[in-house]
Amino acid sequence: MKVAYMGRSGMKVSQLCLGTMNFGVDTEEQEAFRIMDAALDAGINFFDTANVYGWGENAGRTEEIIGRWFKLGGGRRERTVLATKFYGDMSDKHDGPNRDSGLSAYKLRRHLEGSLQRLQTDHIELYQMHHVDRNVSWDELWGAFQTAANQGKIGYVGSSNFAGWDLAVAQGEAKARGILGLVSEQHKYNLLCRLPELEVLPAAQGLGIGVIPWSPLDGGLLAGNIRRGGAGKRSGDVSRLEKHAAQLEAYGALCDELGEREDVVSLAWLIANPAVTAPIIGVRTLEQFERSLRAVELELDSATLARIDEIFPGPGGDAPRAYSW
């Protein structure tokens, strides 16, 4: 398994990140255990989760499953670079008005403690803000993150769903305090969603922030399901299938020429981008996981990358070149 540095930090992670959003929802606990064991065996050390996974009244269930897996021992916790997120409503009646989604020092402290308990660990390598909250100052947030870091409860800080200018502001405020700041940005990025190439990816690269793409297969649309008579487990949008049918057919034909599956090529395309640290593979089964491993081995040549650009045109480059001339 190939590895990469997490942004400008010294921490190395596998070039595939195991996403756990399905654990406890579409994936039963024992199957989740098998997938996580297989991930470590394959050299994937980077696992991503969030406190809200399990969703609604079951929020926290996914973290609990991971925690029980850690307790099986065998070096599982020590071999895992663990990332989780906070922002959403965890339905804690004791939080009163503070249970609403958002960021704050209050929420960070309470939600971090909850995640540590569910995950049955005393620290989290990468603690991420699940969304931006522009109502909260960086004076408050960086102070709270530094307290957690000084207590040994978190190692690094990451963001998710931030705009390019949010990343710039966060890093500027961190630099003013003499601290490292963000090392990662988790963002929706795939062949059907290339808008981040305008601002987010170049901002992240310039600021030393590793990009962790979520939804790399766009809910299954880029997994070849259209040619197999399905829309994917979570896409659920017939109009989107119709809108992209010609592109997906052309893409499928290209993958046939390469002798590779569409999902593998989609992941390999992301890994080839120097701004990307590791795409998140949100697998539901061990079979899906094992198939994804091929993406790290597959190297796409310039001619293939050019053909992919023809099928899925990006925004035309980064800003401002994409729109100023």
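What follows is calculated from the coordinates using simple rules that are stated; it is not laboratory data. What you are looking at is a predicted structure, and each value in this text was computed from that prediction instead of being measured. Every residue, glycine as well, gets a Cβ built from its backbone with ideal geometry; the counts of neighbours run over all protein chains shown.
Some observations on this one:
- Scaled against 2.2 N^0.38 Å for its residue count N, the alpha carbon radius of gyration of the chain is 0.98.
- Percent antiparallel among DSSP beta bridges (both partners in the range 119-214, rounded to 5): 5
- Computed over the range 1-98, the alpha-carbon pair-distance distribution with 5 angstrom bins reads 2, 13, 21, 22, 17, 13, 7, 4, 1, 0, each value a whole percent.
- Extension gain, A322-R68: 0.36 nm per intervening residue step, less the Cα-Cα distance, totals 86.6 nm.
- Positive minus negative residues near V200 (Lys, Arg vs Asp, Glu; Cβ under 14 Å): -3
- Antiparallel DSSP beta bridges within the chain, as percent of all bridges there, nearest 5: 15
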